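The values are calculated or read from the model by the stated rules, or taken from the named source; none is laboratory data. Everything numeric here is computed off the predicted structure, so don't read it as measured data. Backbone-built Cβ (ideal geometry, glycine too); neighbour counts: all protein chains shown. In case anyone asks, the SASA skips ligands and DNA or RNA and just uses the protein heavy atoms, side chains included. Shrake-Rupley method; radii C 1.70, N 1.55, O 1.52, S 1.80 Å.
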Amino acid sequence: MNACQDYELLVSLRASGAPDALDAAEAARLDAHLAACAACRAELEASAAVLSLAALPPPSEAERRAVRDLPARTLAELHRNDRRRSTVRRALVAAAGIAVAAGLAGVIVAPALFKKAPQGIPVQFAETAQQASWEVPDMDTLWSDAQVVDLDSSSAQSDGDTSTDAAVAALDY
Amino acid sequence: MTPARHMDERDETRRTPSLRVVAGGVTPARREEDALVAAFLVGDDDAFGELVRRNERMVLSIVRRYARSADDARDLAQRTFLRAFEASRRALRRGLRREPVPVRRWLVRVAVNLAKNHARDEARRAHALTASPVAPAAQGGEARGEGAADALESMSRAEEAARLRVAVLELPRRQREVLTLRIDAELPFAEIADALGITENAAKVTFHHATRRLRAALADAERERLP
């Protein structure tokens, strides 16, 4: 009976029903043992039964209906998110770069941003301006999908776009 | 310098590169997926649709255990695809990846995280587990596990199924992932290994442990019912 321990793993794998559970040699070894061992046959049957009961049932009619056009729906949402992201980027460009970063709660502004401050626009004014013109984006989308630009390359340029990109990059940590 | 040492030094610089062992191996399915991902990343919408089609069964099989309704499951699946694919695009833009994106691996991780967070946020988990419409047919009348061993017969099938549902969700993470990818998504072990970034052998052994744990959970429940 102790020899059955050697077959425990093979029995579970046979019970799994996977096409690649056992190679030919293992299958032959297991079959030979099962032919002679009622205890292991019982183990196999019990494990197979438990796995069968533990498995999710096939999707119901309601479930199948719900996911019938999942690829199209997902693609549509992807496009929506992309459009929204480019809208947000345009809004960010329109406002002062630093004010945007300050306007979003809890963001630690990278030191590089201060070097890129647009001339002559006080932070408070810019903040008000961007709050007035900017609708709060879906935070889920924004936090997870902000486009990232390598901060190292931003120092090579000096136009406003860079500070915006860096501001957006600062959100993505 | 003796001739022998001289030769050793030459060998040092001309050593052949060692093979890098990739856990899980690359199945033909994986190669096709890599091609689809590459196409998606350059904006091919059809490739995106195909990737969703190919993986929706796997993703749904993961999230259905945590979803309370058909719509829940669909929404979780949709968010999973979006998050994983958008992360792929970010990774591409950052130039972080030298190798193909392991989409399945990301899908599995994201699906599990989203589904668990969802279940936790619903704050009705205990109730959901036993009353979920996507739960196995506690209503009976289904040909499930026929020819079950005697140990199962004294508990009603509905009770067993309910107990097992809980037991599956209580499995250690890796065991739960391997088990559900096998029995729900019905992936071969090679693909399970690839999806989880482990070796095929590890997947099989983990499956064995998960099975034992489920058997033990059912046996415990059976014992508790005895007078």
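Observations, loosely collected:
- Here's how it looks for B:Asp184: its modeled amide H is under 5 Å from none belonging to a residue 5 or more places away or on a different chain.
- Packing, taken as the mean count of other beta carbons within 10 Å per residue, orders the peptides B:202-210, A:28-36 from highest to lowest as B:202-210, A:28-36.
- Interface area, B with A, accessible, probe 1.4 Å, both sides summed, Å² nearest 100: 4700 Å²
- Label zone at B:Asp220, where the point sits 7 Å out along the Cα-to-Cβ direction: the range B:178-205 residues whose backbone N lies under 13 Å: none
- Here the Karplus curve 6.51 cos²θ - 1.76 cosθ + 1.60, taken at θ = phi - 60°, turns the phi angles of the range A:66-72 into couplings of 4, 10, 4, 10, 4, x, 5 Hz, with x standing for Gly and Pro.
- List A:Leu44, B:Leu187, ordered by accessible area with a 1.4 Å probe, largest first: A:Leu44, B:Leu187
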